[in-house]
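> Sharing a structure below in structure tokens format, with a few things to ask.
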Amino acid sequence: MPTFNTVVPIHNVDLPQSTSVDFGGGLRLSATPAWVRNQKLLKRASAQDQEAVEHASHAFIVSYEAAALGAPDPGWTGVGPKSIQESKYELCVLGNLALWLTKPSPVCFTLVIHAPQVEDEPVAQQIQTHGPMLLCHPRDIGARITASDLGVAQRLHRGLVAVEPTSAVFTAIRATWAGLQMNIAAIRYALFWIALEALFGPEDAREITYRLSQRLALFLAADRREAKDLF
């Protein structure tokens, strides 16, 4: 069975070239492979995307076996079909989210490259284009992910990957990701509020304001006195 590589060049990080860190689910953050910049298929991307890849020092990379591009993911147990490439893309999405949660910043990606191994090196078979995936507050525009942030991001990603797709925590993850892509403030905040309700709201929807205030205060405070003031 052929070996495939899904590579997602990451922008707006400040990492040593030698950085190579294992995240969850077989995902790795390391230097962008040299073969990525030599792909003929990349020349079909916009000049802006080509330049972004040229300057992307690091990338999320995951290698796996697959019968073909678009083959179903044998590990997927949810409703409806899902290709193995889609599952690997979602690993990268959670990787980007883990980096952002560790340090809010303009860290993002715009291309997803799927490449089977052909003789000596991979050859891109599909390149998917995305708009910059995450937004950040204007005060965080200058922030950059550094090597000191990667330990927390690793742990976060491993936790995110382990979340059950039918759980309230997964709802919070999806709402947060959607909110971070939304440039309309009112909708952005509504999506964040959905995430907070999923994480801290009561199971039966009673006393929603009271319960959210209490649980958020206890989560954020250093002690019970501070929690009381926050509540």
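The values are calculated or read from the model by the stated rules, or taken from the named source; none is laboratory data. Since this is a predicted model, take the numbers as computed values, not measurements. We place every Cβ from the backbone using ideal geometry, glycine too, and count neighbours over all the protein chains shown.
> Please pick out the residue among 98, 115 that is farther than 21 Å from residue 17 by Cβ, among the small types (Gly, Ala, Ser) and assigned to a helix (DSSP H, G or I).
98
> Take residue 64 and decide whether it is within 20 Å of residue 158 (Cα to Cα), touching a Lys or Arg at 6+ places or on another chain (Cβ under 7 Å), touching a residue at least 60 places away in the same chain (Cβ under 8 Å) and surrounded by fewer than 22 Cβ atoms within 10 Å (Cβ to Cβ).
Taking the combined requirement at face value, the residue satisfies it.
> Checking the condition under 26 Å from residue 167 (Cβ atoms) and either surrounded by fewer than 18 Cβ atoms within 10 Å (Cβ to Cβ) or out of contact with any strand residue (DSSP E or B) (no Cβ under 6 Å at 6 or more places or on another chain) (or both), which residue from 83, 148 passes?
Step by step, each of 83, 148 is checked, and only 83 is under 26 Å from residue 167 (Cβ atoms) and either surrounded by fewer than 18 Cβ atoms within 10 Å (Cβ to Cβ) or out of contact with any strand residue (DSSP E or B) (no Cβ under 6 Å at 6 or more places or on another chain) (or both).
> Let me ask you something else. Got a sec? Which of 41, 69, 101, 97 is closer than 19 Å to residue 11 by Cβ, surrounded by fewer than 19 Cβ atoms within 10 Å (Cβ to Cβ) and not charged (D, E, K, R)?
From the options 41, 69, 101, 97, the qualifying one is 101.
> Any residue in region 86-105 that is more than 20 Å from residue 7 (Cβ to Cβ) and in contact (Cβ under 8 Å) with a residue 24 or more places away in the chain sitting within a Cβ distance under 7 Å of a residue that is assigned to a loop (DSSP other than H, G, I, E, B) and among the polar types (S, T, N, Q)? List the pairs, counting only those 6 or more apart or interchain.
The qualifying pairs are 105/12.
> Counting only residues that are closer than 25 Å to residue 97 by Cβ, give me the helices (runs of 4 or more DSSP H) lying completely in region 146-231 with at least 2 of them.
Of the helices (runs of 4 or more DSSP H) lying wholly inside region 146-231, those with at least 2 residues that are closer than 25 Å to residue 97 by Cβ span 150-162, 168-180, 185-200, 208-220.
> Let me ask you something else. Specify which of the listed residues (142, 131) is within 23 Å of residue 10 (Cβ to Cβ) and modelled with pLDDT of 90 or more.
142
> Tell me yes or no: at least one residue of region 197-213 is modelled with pLDDT of 95 or more, of a type outside the set (Gly, Ala, Ser) and within 29 Å of residue 134 (Cα to Cα).
Within region 197-213 (the criterion being modelled with pLDDT of 95 or more, of a type outside the set (Gly, Ala, Ser) and within 29 Å of residue 134 (Cα to Cα)), the answer is no, since none of the residues qualifies.
> Could you list, in sequence order, the residues of region 19-51 that are under 26 Å from residue 75 (Cα atoms) and part of a loop (DSSP other than H, G, I, E, B)?
Of everything in region 19-51, those that are under 26 Å from residue 75 (Cα atoms) and part of a loop (DSSP other than H, G, I, E, B) turn out to be 23, 27.
> In region 1-34, what count of residues is obtained for those that are surrounded by fewer than 16 Cβ atoms within 10 Å (Cβ to Cβ) and touching a residue at least 12 places away in the same chain (Cβ under 8 Å)?
Residues flagged as surrounded by fewer than 16 Cβ atoms within 10 Å (Cβ to Cβ) and touching a residue at least 12 places away in the same chain (Cβ under 8 Å) within region 1-34 amount to 11.
> Let me ask another. Would you point out the residue of region 72-88, among those that are modelled with pLDDT of 90 or more and small (Gly, Ala, Ser), that is nearest to residue 11 (Cα to Cα)?
87
> In region 198-231, what residues are within 24 Å of residue 163 (Cβ to Cβ), exposed (fewer than 14 other Cβ atoms within 10 Å of the Cβ) and hydrophobic (A, V, I, L, M, F, W, C)?
205, 208, 219, 220
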